[in-house]
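Only one structure is covered here, and it is reproduced in the block below.
The values are calculated or read from the model by the stated rules, or taken from the named source; none is laboratory data. Please read all numbers here as calculations on a predicted model, not as lab measurements. Here the Cβ positions follow ideal geometry from the backbone for every residue, glycine too, while neighbour counts run over all protein chains shown. The accessibility values were calculated without ligands, DNA or RNA, using every heavy atom of the protein model including side chains. Shrake-Rupley method; radii C 1.70, N 1.55, O 1.52, S 1.80 Å.
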Amino acid sequence: MHKTWAIIKREYLERVNTKGFIISTLVVPFVLIALVMAPALLLRTNLDNQRHIAIIDLTDRLAKPVTEGLQASYKTSKGEPIYNVKTLNVTRENIKMAKSELNQKIYEGVFDALLVFPADIFQTNNFELYAKNVSNIERNSTLERTVTNTVRRLRMQENGFDASLIEQINKRVQATTYKVKSQGSTKESGQLSFLISYIMVFLLYMALIFYGMFVMRGVIEDKSSRVVEMITSSVSPSQLMTGKVLGIGASGLTQFVIWILIAVFLSTFGLTAVQIFNPSIQNLPLPDISIWVYVAFVVYFLLGYFLYATLYAAVGSMVSQESDAQNLQWPVLMFIILAFLFMFAVINNPDSTLSVALSLIPFFTPILMFLRISMEAAPLWQIGLSIAIVLLTNWLFLWISGRIYRIGILMYGKRASLPEALKWIKS
Amino acid sequence: MVSLKMHNVNKAYGKIHAVKDLNLAIQQGDIFGLLGPNGAGKTTAIRMIMDILRPDSGYIEIFGKPNSATLRDEIGYLPEERGLYKKMNVFDVISFFAEIKSVPQKEIPDRASNLLQKLDLLDWRDKKVEELSRGMQQKLQFICTVIHEPKLIILDEPFTGLDPVNTRILKDMMLDMKAKGTTIIFSTHLMEQVEKLCESICLINRGESILRGKVSDIKTTFGKNRVRMSYEGKADFLTDPSYIASYDDYGQYVEIQLAEGVSSQELLKNAMQKVAVQHFEIADPSLNEIFISTVKSEGNNHA
């Protein structure tokens with residue numbers, strides 16, 4: 001037992017001590033944090049800078065309501081108006097001079113923008129906007145929207161409509177989505193929970209491929225560096241294979257536990273953290289993920305990992321160089337890819353007979369059953385059954401792979417064929 | 001006491017009979033030469049001793065006990081093909097191999113330092129294996145082979161790639177271990193070293209042992225009909241089969257096996273007429289000659 005332990009330890013440390021491991025462990029949560037925090041923090045920088053706007057109003061009735069509209073709707077995080085508006089007393093006669101004077105001031109940064117409302121704005125539906133940078137879409141559309149709303153309201157009043165009534169009539173209607181859980185209903189954004197399911201399944205898919213390949217590569221390296229000869233004089237091939245699979249699996253588990261801890265931390269303290277920078281933010285688009293989904297994620301990663309890692313170990317033992325493994329690993333890789341492709345069918349209808357059947361096929365279970373669990377479409381008996389089926393398959397594959405591996409690791413030279421491998425299993 | 005006994009051991013891979021009725025008995029504290037041309041079945045025999053492979057028939061006893069995986073911790077094996085984990089540092093590699101040989105954790109650092117010191121590698125203790133030269137890696141691998149102080153050591157070509165200084169260090173260590181009662185099985189193609197180090201040998205060819213026994217006994221059986229000669233000139237007399245059975249010419253030095261009934265004095269007389277003889281010696285056959293002639297005649301019998 002302590003021999004297997006020594007191998008587990010070595011394999012684990014060798015993986016965890018690499019730059020690739022450290023980077024991938026940190027980059028994924030960083031991207032997650034960025035996704036959640038960035039919109040909130042970006043909003044803050046935009047909102048906290050006061051904007052100085054100059055208005056030349058040749059209609060004499062737009063400047064005041066536009067100013068009020070801008071100041072009422074757009075506030076900094078401290079609750080002060082963002083737009084600092086100055087209306088200039090300019091007439092049709094001195095407008096040319098005033099414009100060139102203001103252009104100079106805009107250039108010097110005294111004003112961020114100049115709005116010129118021509119006298120015929122109600123007919124032409126056009127006003128002029130001068131700024132150093134005219135491609136600031138957010139500012140342009142804010143100003144346009146405010147002017148449009150003001151012009152509309154004035155037109156309504158002139159035609160005898162009650163502007164506030166019409167606004168009331170025109171209000172948009174929005175849907176709030178509710179996900180039905182056994183404990184009762186919880187409010188949640190439907191789009192987001194779908195996205196989270198998708199991201200987690202994708203991570204699972206990548207992890208199964210990558211960690212499976214790590215195992216295969218490890219086995220091939222042992223063989224090509226001939227270190228396997230030294231090791232098999234101390235431990236049995238099955239101890240070596242078990243140690244390798246467990247050690248690399250433990251490094252994967254470490255990575256996921258770190259990710260999950262960060263995710264849990266983020267959903268618990270993320271809002272508080274963001275509020276330090278921007279107290280006006282009241283809620284973040286944080287998904288409400290049940291702890292059981294995280295548990296299922298780890299469980300199905302481990303089940304799937306052992307299923308595929310033992311197969312990858314067998315493939316690795318049958319070749320002497322990694323380039324020879326390309327063809328042999330295809331059957332294994334194909335199952336993982338198929339599972340991922342079936343995902344779209346399952347997402348559309350997680351309760352269908354097809355979805356249930358697919359998710360109970362051991363090769364697909366890790367990805368598809370987890371997907372259905374994350375969508376809360378899998379009853380407990382199906383979860384239990386799927387775990388039992390995969391465990392049984394794991395046991396079978398461990399036996400088959402062990403027999404191939406036992407002979408394969410000491411064979412050098414040409415790649416072993418599948419019929420040869422079958423002979424090894426029987427021998 | 002017999003450290004290793006192989007009795008009528010057979011192993012076949014499909015139609016290839018890799019080891020045929022192999023019998024061996026190696027005394028404790030011996031350095032035993034396991035010889036044979038490439039593909040003779042040495043590696044298969046060694047793997048059976050390590051219990052990596054099981055014999056099809058016959059049995060192997062180690063230290064008087066039937067061979068089993070539990071005996072692995074008492075055996076050290078340096079394979080012919082060298083390999084270590086390149087990314088690990090020197091001490092970690094030693095520590096890993098010690099652990100899988102069940103050396104108690106707290107004894108590892110002292111034993112490692114001691115061996116590193118002996119093999120002049122102590123300065124490299126914390127360097128990565130891939131930074132070491134080939135010769136140093138080989139010494140490191142030797143440390144990994146003996147870190148658990150095995151009672152039986154199998155060394156497959158331990159000297160290839162080592163410079164004379166390191167060859168000597170390694171040889172002295174082998175003799176040290178022998179003096180402490182360690183049994184060493186030494187597999188190599190370098191007959192000079194076998195001649196100097198081994199008491200007994202077994203020569204395997206095509207899976208069968210074709211020559212076995214004490215080195216001195218084997219030499220006696222092959223008789224004192226060898227001549228070694230250094231010369232200057234053109235030695236065309238060597239090709240005369242009437243008094244020279246076989247020879248191995250190096251240009252200025254030649255090893256000659258005389259034909260039956262021919263005296264060495266006759267050869268000397270002949271040679272002096274053709275070349276300037278600088279050194280003339282009547283000697284035992286070298287193991288090299290025995291090896292070549294035995295393997296060759298075996299080959300002829302099979303052909």
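Numbers for the structure displayed
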{"item": "Residue satisfying all of: in segment B:54-82; in contact with a Phe, Trp or Tyr (Cβ under 9 Å, 6 or more places away or on another chain) and aliphatic (A, V, I, L, M); nearest to the other protein chains (Cβ to nearest Cβ) among these", "result": "B:Leu78"}
{"item": "Residue, farthest from the other protein chains (Cβ to nearest Cβ), within segment A:1-27, restricted to residues that are aliphatic (A, V, I, L, M) and in contact with a helix residue (DSSP H, G or I) (Cβ under 6 Å, 6 or more places away or on another chain)", "result": "A:Val16"}
{"item": "Of all residues making up segment B:96-126, the number that are within 12 Å of another protein chain (Cβ to nearest Cβ), free of Cβ contacts under 8 Å to residues at least 12 places away in the same chain, in a helix (DSSP H, G or I) and surrounded by fewer than 20 Cβ atoms within 10 Å (Cβ to Cβ)", "result": "1"}
{"item": "Qualifying residues in segment A:120-176 (those that are in a loop (DSSP other than H, G, I, E, B) and in contact (Cβ under 8 Å) with a residue 12 or more places away in the chain) - the one least open to solvent (accessible area, probe 1.4 Å)", "result": "A:Phe127"}
{"item": "Inter-residue pairs, beta-carbon under 9 Å, first within 16 Å of B:Glu99 (Cα to Cα) and within 14 Å of another protein chain (Cβ to nearest Cβ) and in segment B:127-149, second open to solvent by 40 Å² or more (accessible area, probe 1.4 Å) and among the hydroxyl-bearing types (Ser, Thr, Tyr), 6+ apart", "result": "B:His148/B:Ser102"}
{"item": "Single residue of segment A:229-259 satisfying the filter (part of a helix (DSSP H, G or I) and touching a strand residue (DSSP E or B) at 6+ places or on another chain (Cβ under 8 Å)) that is farthest from the other protein chains (Cβ to nearest Cβ)", "result": "A:Met230"}
{"item": "Some residue of segment A:322-345 being assigned by TED's automatic domain parsing to the domain that holds A:Val215, buried (at least 18 other Cβ atoms within 10 Å of the Cβ) and among the hydroxyl-bearing types (Ser, Thr, Tyr)", "result": "no"}
{"item": "In segment A:211-228, the residues that are at pLDDT below 90 and either at positive phi or away from every other protein chain (no Cβ under 13 Å) (or both)", "result": "A:Arg226"}
{"item": "Cross-chain or 6+ apart pairs with Cβ under 9 Å, segment B:43-69 first and under 23 Å from A:Arg403 (Cα atoms), then surrounded by fewer than 22 Cβ atoms within 10 Å (Cβ to Cβ) and hydroxyl-bearing (Ser, Thr, Tyr)", "result": "B:Thr44/B:Tyr13; B:Asp51/A:Ser236; B:Asp51/B:Ser68; B:Ile52/A:Ser236; B:Asn67/B:Tyr59; B:Ala69/A:Ser236"}
{"item": "Among (1) open to solvent by less than 30 Å² (accessible area, probe 1.4 Å); (2) assigned to a helix (DSSP H, G or I); (3) of a type outside the set (A, V, I, L, M); (4) within 23 Å of B:Leu287 (Cβ to Cβ) - the single one B:Arg168 does not satisfy", "result": "(1)"}
{"item": "Tally of residues being outside any helix (DSSP H, G or I) and at negative phi across segment B:48-82", "result": "23"}
{"item": "Cross-chain or 6+ apart pairs with Cβ under 8 Å, segment B:192-208 first and on the phi > 0 side of the Ramachandran plot, then in a helix (DSSP H, G or I)", "result": "B:Arg206/B:Glu298; B:Arg206/B:His302; B:Gly207/B:Thr44"}
{"item": "Residue list for segment B:187-243, restricted to those being aromatic (Phe, Trp, Tyr) and either open to solvent by 30 Å² or more (accessible area, probe 1.4 Å) or in a strand (DSSP E or B) (or both)", "result": "B:Phe222, B:Tyr231"}
{"item": "Any pair with Cβ under 6 angstrom, 6 or more apart, that starts in segment A:230-242 at a residue that is assigned by TED's automatic domain parsing to the domain that holds A:Tyr308 and ends at one that is open to solvent by 20 Å² or more (accessible area, probe 1.4 Å) and not in a helix (DSSP H, G or I)", "result": "A:Thr232/B:Ile52"}
{"item": "Segment A:323-359, residues that are closer than 16 Å to A:Tyr308 by Cα and not in a helix (DSSP H, G or I)", "result": "A:Gln329"}
{"item": "Selection status of A:Trp292, within 30 Å of A:Ala325 (Cβ to Cβ), modelled with pLDDT under 90 and either open to solvent by 30 Å² or more (accessible area, probe 1.4 Å) or not charged (D, E, K, R) (or both)", "result": "no"}
{"item": "Some residue of segment A:246-257 being under 29 Å from B:Glu74 (Cβ atoms), in the same structural domain as A:Pro366 (by TED's automatic domain parsing) and out of contact with any Lys or Arg (no Cβ under 9 Å at 6 or more places or on another chain)", "result": "yes"}
{"item": "Top-ranked residue in segment B:83-95 [being buried (at least 16 other Cβ atoms within 10 Å of the Cβ) and outside any helix (DSSP H, G or I); ranked as farthest from the other protein chains (Cβ to nearest Cβ)]", "result": "B:Asn89"}
{"item": "Which listed residue, of A:Ala313, A:Ala309, is within 17 Å of A:Thr365 (Cβ to Cβ), assigned by TED's automatic domain parsing to the domain that holds A:Asp222, among the small types (Gly, Ala, Ser) and at pLDDT 90 or above", "result": "A:Ala309"}
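Residue by residue, here is whether (1) open to solvent by 50 Å² or more (accessible area, probe 1.4 Å); (2) within 34 Å of the chain's Cα centre (by Cα); (3) in contact (Cβ under 8 Å) with a residue 12 or more places away in the chain holds:
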site	(1), (2), (3)
A:Gln382	no, yes, yes
A:Leu385	yes, yes, yes
A:Ile400	no, no, yes
A:Ile407	no, no, yes
A:Ser417	no, no, no
